[in-house]
Amino acid sequence: MTNEELRAYRTKLFRDAGSMKVKPDRIPNMSFCVTWKILDAGYKLTEAMNDYTIMEKVVREHQEKYEFDALFEHGVRNVIRLPLALGGLTYNIDDEAGAVSYVDNALCDLDELDELIADPNKFFWEKGMAKKYPMWADKTVGVEDMQKVIMEFGAFSQYNMKMLKVLPEEYGLPTNTAPSQPPYQGLDFLFNTILGIKGLSMAMRRCPDKVEEAVHVLNELYLTPSLKALEAMPDGPFMDACFDYDITLLCNSILNNKQFERFLWPDLKAMLDLLEKKGKTTRLFMEGDNKRFWEYFADYKPGTIVMHADQDDVFELKKALPNVAIMGGMKLETLGRGTKEECLSLTKKLCDELGSEGGYIFSENAMVSYKNDCNPENLKAVCDFVREYRP
Amino acid sequence: MDENKVDITKYPEGLHYLAQNLMLPLPPANLPEDMPQEQKDAIILQQKEYIVNMLVGTLVRQ
């Protein structure tokens, strides 16, 4: 196969699995490796994350070694150079431990929620930026500092565009998601950045009406334009990518059903309803254990949702939601600490029980980040098996 | 603070000032030739403000 033929073949594997109408020729395998691939290639995290030439080598080596059918991430997830250009440190990077952690530095105190609701753009500009960037807080920032950020953004965009060309043309890899505006959920923004985990938990108890209002204004800013763009797109799947859409949620991990129904579900439902109406397929990744929310997804047409399970039992998930395609299931604890035989046994079980009729995409059950998350020999054996196996 | 004493950390003053003074990678505007220059400048400035606002949004989220 030429690389163009290989790209088309691989895209069809994902599309067939996601549609749940056609059993794919074989089970597609998507890499869910993020920072682990840097360590696997023998580099320090700071070396690769600060140098796009090294990051390109890392991504190339990852694909050459394991021959995935698609990569979830090609070195663009933790863009540390962008905040660094303005003196901000969003990430803690520990090269000794091989670990990256996000600094949970809330931008907004509970008593500032009214200001955020009144004008989110003004709030981000004046308060959010000041909390993240010392030179913004002490007002020493100048045009030349912002120009450095523009230059960094340009370098990042150049790297991203280069990889989006290199991966299909030189490795026959498909694009993950059709061109779309990222569907950034307001509640997730509150959880990740604005209030933080602790702040959002407190706010939902102490001032739930304000949380609702904040979600609304943030969604007007970020989610509504994304939905409008989706509405304007032609109906049916975009066959040049593995999925039409990608929804990744983290905030669900702290919600009970009542909170989910009040703060997240109305907007998530609007998005999923629109995707279903337009005949489009989304990958849906919700961090943590989500069994308590499964019932909300039970009525969607097959071909709408590919659920990338995190901590959920994928076999139980398939039984509970036969209308949803499944992705994931390869446990990091097995991949990292198990024997090759244990990894292959789990891989075979996943392929047989989830993929014998189609509707399954092989992948890891969590982002592969730390050195011990994965043993390279196990990963190689598993990838070779999935490529050859026909359940 | 900037040398011209415009406090770019204030909104919307900072947004207007940065949009006028940053060198931004703008795609060609493709505006009709017969459009009055004033109108063209306003459209381009609007595009620049959109980019600067998006950039600050990214910096806040990153």
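The values are calculated or read from the model by the stated rules, or taken from the named source; none is laboratory data. Remember, it's a predicted structure, so these values are computed and weren't measured experimentally. Neighbour counts run over all protein chains shown; Cβ positions are idealised from the backbone, glycine included.
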Task: Counted residues, the stretch A:271-288 - those being part of a helix (DSSP H, G or I) and surrounded by 14 or more Cβ atoms within 10 Å (Cβ to Cβ) - done: 5
TODO: Among the residues of the stretch A:354-369, write down those that are surrounded by fewer than 17 Cβ atoms within 10 Å (Cβ to Cβ) and not polar (S, T, N, Q).
DONE: A:Glu357
Open item on the list: Can you list residue pairs whose Cβ atoms sit under 8 Å apart, with the first residue in the stretch A:93-104 being under 17 Å from A:Cys33 (Cα atoms) and the second being among the acidic types (Asp, Glu)? Count only pairs 6 or more apart in sequence or on different chains.
Closed with: A:Val100/A:Asp94; A:Ser101/A:Asp94
Task: Positions within the stretch A:77-124 being within 12 Å of another protein chain (Cβ to nearest Cβ), touching a helix residue (DSSP H, G or I) at 6+ places or on another chain (Cβ under 6 Å) and assigned to a helix (DSSP H, G or I), in sequence order - done: A:Arg81, A:Leu82, A:Glu115, A:Leu116, A:Pro120, A:Phe123, A:Phe124
Task: Selection status of A:Tyr43, within 11 Å of another protein chain (Cβ to nearest Cβ) and in contact with a helix residue (DSSP H, G or I) (Cβ under 9 Å, 6 or more places away or on another chain) - done: no
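Those residues that are among the basic types (Lys, Arg) and either more than 12 Å from every other protein chain (Cβ to nearest Cβ) or outside any helix (DSSP H, G or I) (or both), I need them from the stretch A:138-160; list them, please.
Answer for the stretch A:138-160, where residues must be among the basic types (Lys, Arg) and either more than 12 Å from every other protein chain (Cβ to nearest Cβ) or outside any helix (DSSP H, G or I) (or both): just A:Lys139.
A:Asp240 - would you say it is touching a Lys or Arg at 6+ places or on another chain (Cβ under 7 Å) and either away from every other protein chain (no Cβ under 14 Å) or not β-branched (Val, Ile, Thr) (or both)?
Details: touching a Lys or Arg at 6+ places or on another chain (Cβ under 7 Å): no; either away from every other protein chain (no Cβ under 14 Å) or not β-branched (Val, Ile, Thr) (or both): yes.
When the stated conditions are applied, A:Asp240 does not pass them.
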Open item on the list: Which count do you get for residues in the stretch A:355-382 that are touching a Phe, Trp or Tyr at 6+ places or on another chain (Cβ under 9 Å) and part of a loop (DSSP other than H, G, I, E, B)?
Closed with: 7
TODO: Provide a single number: the residues in the stretch A:289-338 that are under 22 Å from A:Leu255 (Cα atoms), of a type outside the set (A, V, I, L, M) and surrounded by fewer than 16 Cβ atoms within 10 Å (Cβ to Cβ).
DONE: 9
Open item on the list: It is to be established whether one or more residues within the stretch A:161-174 are at the interface with another protein chain (Cβ under 7 Å from one of its Cβ atoms), part of a helix (DSSP H, G or I), in contact (Cβ under 8 Å) with a residue 40 or more places away in the chain and of a type in the set (A, V, I, L, M, F, W, C).
Closed with: no
Open item on the list: So, A:Leu255, is that one closer than 27 Å to A:Ala241 by Cα, surrounded by 16 or more Cβ atoms within 10 Å (Cβ to Cβ) and modelled with pLDDT of 95 or more or not?
Closed with: no
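If you take the residues in the stretch A:132-141 that are on the phi < 0 side of the Ramachandran plot and surrounded by fewer than 17 Cβ atoms within 10 Å (Cβ to Cβ), which one is nearest to the chain's Cα centre (by Cα)? Explain how you work it out, then say what you get.
Looking only at the stretch A:132-141, we keep the residues that are on the phi < 0 side of the Ramachandran plot, and these are A:132-138, A:140-141.
From the residues that got through so far, the ones that are surrounded by fewer than 17 Cβ atoms within 10 Å (Cβ to Cβ) too are A:134-135, A:137-138, A:140.
Working: A:Pro134: 29, A:Met135: 31, A:Ala137: 31, A:Asp138: 35, A:Thr140: 35 Å.
Applying the filter and picking the extreme gives A:Pro134.
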Open item on the list: Just the residues that are without any contact (Cβ under 8 Å) to a residue 12 or more places away in the chain and small (Gly, Ala, Ser), please, taken from the stretch A:342-391.
Closed with: A:Ser345
Open item on the list: From the list A:Ile80, A:Ile38, exactly one residue is in contact with a strand residue (DSSP E or B) (Cβ under 9 Å, 6 or more places away or on another chain), of a type in the set (Val, Ile, Thr) and crowded, with 18+ Cβ neighbours inside 10 Å. Which is it?
Closed with: A:Ile80
- [ ] Return the pairs, sorted by first residue and then second, in which the second residue is of a type in the set (Val, Ile, Thr) and surrounded by 23 or more Cβ atoms within 10 Å (Cβ to Cβ), the first residue lies in the stretch A:126-137 and is touching a residue at least 12 places away in the same chain (Cβ under 8 Å) and more than 7 Å from chain B (Cβ to nearest Cβ), the beta carbons are less than 7 Å apart, and the residues are 6+ apart or on different chains.
- [x] A:Met135/A:Val141
Open item on the list: Residue under question is A:Gly128, and the condition is that it be surrounded by 21 or more Cβ atoms within 10 Å (Cβ to Cβ) and out of contact with any Pro (no Cβ under 8 Å at 6 or more places or on another chain); does it hold?
Closed with: yes
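Could you go through the stretch A:189-201 and let me know if any residue there is out of contact with any Pro (no Cβ under 6 Å at 6 or more places or on another chain) and not in a helix (DSSP H, G or I).
Residues of the stretch A:189-201 out of contact with any Pro (no Cβ under 6 Å at 6 or more places or on another chain): A:189-201.
With not in a helix (DSSP H, G or I) added as a condition, the list becomes A:195.
Yes, the conditions are met somewhere in the stretch A:189-201.
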Task: From A:Leu223, A:Leu200, A:Leu195, residue being within 14 Å of chain B (Cβ to nearest Cβ), buried (at least 17 other Cβ atoms within 10 Å of the Cβ) and at pLDDT 95 or above - done: A:Leu195
TODO: Please find, within the stretch B:1-56, the residue that is nearest to the other protein chains (Cβ to nearest Cβ) out of those that are assigned to a helix (DSSP H, G or I) and of a type in the set (Lys, Arg).
DONE: B:Lys48
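May I ask you to list the residues in the stretch A:239-270 that are in a loop (DSSP other than H, G, I, E, B) and out of contact with any Ser or Thr (no Cβ under 9 Å at 6 or more places or on another chain)?
Start the filter on the stretch A:239-270 by keeping residues that are in a loop (DSSP other than H, G, I, E, B), which leaves A:239-240, A:244, A:250, A:255-256.
Those that are in a loop (DSSP other than H, G, I, E, B) and out of contact with any Ser or Thr (no Cβ under 9 Å at 6 or more places or on another chain): A:Leu250, A:Leu255, A:Asn256.
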